[in-house]
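Worksheet: one structure, shown below.
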Ligand code: GRF
């Protein structure tokens, strides 16, 4: 692992298919980052197995063992800081982070949300999109700030909703999009092209007033 590569911690709570896309793209030398640790707040998260199989350090601290959000977040930061991360990638990490934590890693946290933000923040997005009869859906990579699903947007993958498809089918199609756009955006950060400054995302020295949009089928 060279010192110039971006030291990345990936935080998960579940399956870790996004984590796997990072592991695969690092193996094929497509990314300027290394995963220094994978953290889960759930001991049975399958992503921990994916990480261990790839020889990556893992850690689990269960949030139920902590009295409140901030004491869990402090334990989490204590663990992460031992790995000196340059970037935190939230990949299906089902915890709201405290303002203290977000400030501790200011400008260094990315998240992926399965909707075309600002549309459909929150949970159960695929079913809600189908119920509303939307024509378009997708996923958004954004910086994490104190506002839930509200930080500056960086990159979106957009795809047409197929008439009559189920929430399961739509979920799979959106996840395939995520596996492309999340490593791409994280790599911009790793290469120093993407930054958060004064609450605004910048790419290649220009303000990203709107996210970059990639179209998928
Ligand atoms: C992804 O769809 C992501 O958008 C959301 O949680 C899901 C995680 O999936 N935040 P996986 O654990 O990466 O398979």
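Of note:
- Helices (runs of 4 or more DSSP H) wholly inside region 1-107 containing at least 3 residues that are within 16 Å of the ligand (Cβ to nearest atom), touching a helix residue (DSSP H, G or I) at 6+ places or on another chain (Cβ under 9 Å) and under 30 Å from residue 124 (Cβ atoms): 17-27, 46-53
- Of all residues in region 108-121, exactly one satisfies the criterion of being within 12 Å of the ligand (Cβ to nearest atom) and surrounded by fewer than 16 Cβ atoms within 10 Å (Cβ to Cβ), namely 121.
- Qualifying residue in region 155-167 (condition: surrounded by fewer than 22 Cβ atoms within 10 Å (Cβ to Cβ), within 12 Å of the ligand (Cβ to nearest atom) and under 17 Å from the mean Cα position of the chain (by Cα)): no
- Output for region 45-65, where each listed residue is modelled with pLDDT under 95 and within 19 Å of residue 100 (Cβ to Cβ): 63, 65
- When the test is whether a residue is under 17 Å from residue 210 (Cα atoms), in contact with a helix residue (DSSP H, G or I) (Cβ under 8 Å, 6 or more places away or on another chain) and within 12 Å of the ligand (Cβ to nearest atom), residue 179 does not pass it.
- Residue count for region 127-147, restricted to those that are closer than 28 Å to residue 193 by Cα, over 11 Å from the mean Cα position of the chain (by Cα) and crowded, with 23+ Cβ neighbours inside 10 Å: 2
- Residues being surrounded by 14 or more Cβ atoms within 10 Å (Cβ to Cβ) and free of Cβ contacts under 8 Å to residues at least 12 places away in the same chain - total across region 73-107: 0
- Residues of region 142-174 that are without any contact (Cβ under 8 Å) to a residue 60 or more places away in the chain and touching a helix residue (DSSP H, G or I) at 6+ places or on another chain (Cβ under 7 Å): 144, 145, 146, 154, 155, 157, 159, 161, 167, 170, 171.
- Strands (runs of 3 or more DSSP E) within region 170-217 that include 2 or more residues closer than 21 Å to residue 126 by Cβ: 212-215
- The lone criterion from (1) at pLDDT 95 or above; (2) away from the ligand (no atom under 15 Å from the Cβ); (3) touching a helix residue (DSSP H, G or I) at 6+ places or on another chain (Cβ under 9 Å) left unmet by residue 135 is number (3).
- Test: residue 124 is within 14 Å of the ligand (Cβ to nearest atom) and surrounded by fewer than 14 Cβ atoms within 10 Å (Cβ to Cβ): yes
The values are calculated or read from the model by the stated rules, or taken from the named source; none is laboratory data. Being a predicted model, the structure only gives us computed values, none of them experimental. Quick reminder, even Gly has a Cβ in these numbers, built from the backbone with ideal geometry, and neighbours come from all protein chains shown.
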